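The structure appears below as C-alpha cells.
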Amino acid sequence: MTPILDVSGLQKHFSVTKGFPRSVTTIVKAVDGVDFTVAPGEAFGLVGESGCGKSTVARAVLRLIEPDAGTVLFDGTDVRAASSSALIRLRERMQIVFQDPYSSLNPRRTIGRTLVEPLGVHGIARGREAEAIARGLLEEVGLPPTSMTRYPHEFSGGQRQRIGIARALTLKPALIVADEPVSALDVSVQAQVLLLLKDLQKRRGLAFVFVSHDLSVIRWFCTRVAVMYLGRIVEQGPVAQVFSAPRHPYTRMLRDASPIPNPSRRGVLPRVIGEIPSAAAPPPGCHFHPRCARATELCRSVYPTFRDGVACHHPHMD
C-alpha cells in the first residue's frame, strides 16, 4: 500500500546563543534524521521522553516550523517544496490537534466563528451553510449546537479538546497529527477523548501521527510505533512487537517503567537510570550509552546504524 505520509531524513536544528559579554552560539539538533511512513487510515505513534524531539517532528511534518533538511511527501506531494498556495490546499487534508486545548483557541472568538472561518477561507461554505456544518461537527464530537455562541473559557479542558478535534475535522482531512492530545486531561476524560478519536478514525478513515509519552495510550491507539531518543528514532515496528519484545535498551527501559493496570501483576517499578542529555551537547557514539548497562567501547565511539528496525550495536534478542 502506498503511504499517505512518507518522511525521510527529516532534520530541524535550532541556534541557541548564551553568555555575556562573550556570547557562544550552539546548535541544538532537535530532530536529526528521522524516517517513517504512515499508511492511509493507519495510526502511527511517536513515543519518547520529554525533549526527545517528537513534537518538533509533528510540527515540521506540517511545516508549522520549517525543516532544515529531509523530504516530507504527503500523498505523493512534496510538502517542503510546496508554494504558499499549494500549502493552503495541502492543509485541507493535513490537520493538527494541539496538546493544550486552551492556548490553541482564540479566547476572543466564539466557537462558531472558530469553526466557520476555515470553511470560508478555503471556499467550502459560507453563511448558514457553514454554520450548519459547524453545528454538525460539534454534534459529532459530543457537544451541543448551543456551543456555537460560547467562548473557550466557558468550557472544561476535555470539552475544549473536543472543540480542537472538531476544528481539525472542518476541512475533511485525510491525516491528523495529534500532538499529546490527552496529556493535559484527567484520566477519565482521556479515555473519552481517545474513544472519540478511535471512532472518528474508523468512520472517516483517518490516518494519525499520534505523539505521546504515555506507552499505554500508544499501545491502545496505534498499530505501529517509533521510539525517539535525542532527535533520532532508535526503534520502530508494530506496537505489539516493540512493546512485548523491545530490542533497544531505551525502549525496554520505557516499557519496564510504564505502570501496568493489573493488580495481580503489580510489582516494584525499575529505577530509570539518569536523565536525557542536552540536545545541544549529545554524548559521542550512541547517545544512550551513558544510561545503558550494556554499553561497550564501540557504543561510546560509534553511533549504531539503524538496521532491522533498531539502532543498537547490541540489540536484545528476546
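If you go through the range 58-81, how many residues are acidic (Asp, Glu) and in contact with a strand residue (DSSP E or B) (Cβ under 6 Å, 6 or more places away or on another chain)?
Step one: of the range 58-81, the residues acidic (Asp, Glu) are 66, 68, 75, 78.
Still in the running and in contact with a strand residue (DSSP E or B) (Cβ under 6 Å, 6 or more places away or on another chain): 68.
Number satisfying all stated conditions: 1.
Of the strands (runs of 3 or more DSSP E) lying entirely inside the range 164-246, those carrying at least 1 residues that are hydrophobic (A, V, I, L, M, F, W, C) and under 12 Å from the mean Cα position of the chain (by Cα) are 175-179, 207-212, 224-229.
Looking for something more than 18 Å from Ser103 (Cα to Cα) and free of Cβ contacts under 8 Å to residues at least 60 places away in the same chain - is there at least one such residue anywhere in the range 221-235? No, because not a single residue in the range 221-235 is more than 18 Å from Ser103 (Cα to Cα) and free of Cβ contacts under 8 Å to residues at least 60 places away in the same chain. Looking across the range 22-65, the residues that are polar (S, T, N, Q) and either modelled with pLDDT of 90 or more or in contact with a Phe, Trp or Tyr (Cβ under 9 Å, 6 or more places away or on another chain) (or both) come down to Thr37, Ser55, Thr56. Please indicate, with yes or no, whether at least one residue in the range 14-24 is in contact with a Pro (Cβ under 7 Å, 6 or more places away or on another chain) and assigned to a strand (DSSP E or B). Looking for residues that are in contact with a Pro (Cβ under 7 Å, 6 or more places away or on another chain) and assigned to a strand (DSSP E or B), one finds none in the range 14-24, hence no.
Would you mention how many residues in the range 46-78 are assigned to a loop (DSSP other than H, G, I, E, B) and either within 23 Å of Pro277 (Cα to Cα) or among the β-branched types (Val, Ile, Thr) (or both)?
Of the residues in the range 46-78, the ones assigned to a loop (DSSP other than H, G, I, E, B) are 48-53, 62-68, 75-76.
Next, from what is left, pick out any that are either within 23 Å of Pro277 (Cα to Cα) or among the β-branched types (Val, Ile, Thr) (or both): 48-53, 65, 67-68.
Final tally of qualifying residues: 9.
Of a type in the set (Val, Ile, Thr), buried (at least 16 other Cβ atoms within 10 Å of the Cβ) and under 21 Å from Gly237 (Cα atoms): does that describe Val7? Let's see the steps before the verdict.
Details: of a type in the set (Val, Ile, Thr): yes; buried (at least 16 other Cβ atoms within 10 Å of the Cβ): yes; under 21 Å from Gly237 (Cα atoms): yes.
In short, yes.
Given (1) in contact with a helix residue (DSSP H, G or I) (Cβ under 6 Å, 6 or more places away or on another chain); (2) surrounded by 12 or more Cβ atoms within 10 Å (Cβ to Cβ); (3) not in a helix (DSSP H, G or I), identify the lone condition not met by Arg135. The single condition Arg135 does not satisfy is (3).
Within the range 25-41, if we keep just the residues that are part of a loop (DSSP other than H, G, I, E, B) and small (Gly, Ala, Ser), the residue that is surrounded by the most Cβ atoms within 10 Å (Cβ to Cβ) turns out to be Gly41. Looking at this structure, is Ala281 exposed (fewer than 14 other Cβ atoms within 10 Å of the Cβ), within 25 Å of the chain's Cα centre (by Cα), part of a loop (DSSP other than H, G, I, E, B) and at pLDDT 85 or above? For Ala281, the condition - exposed (fewer than 14 other Cβ atoms within 10 Å of the Cβ), within 25 Å of the chain's Cα centre (by Cα), part of a loop (DSSP other than H, G, I, E, B) and at pLDDT 85 or above - is met.
The values are calculated or read from the model by the stated rules, or taken from the named source; none is laboratory data. Values in this document were obtained by computation on a predicted structure and should not be read as measured data. Methodologically, a virtual Cβ is constructed for each residue, glycine included, from the backbone with ideal geometry; neighbour enumeration extends over all protein chains shown.
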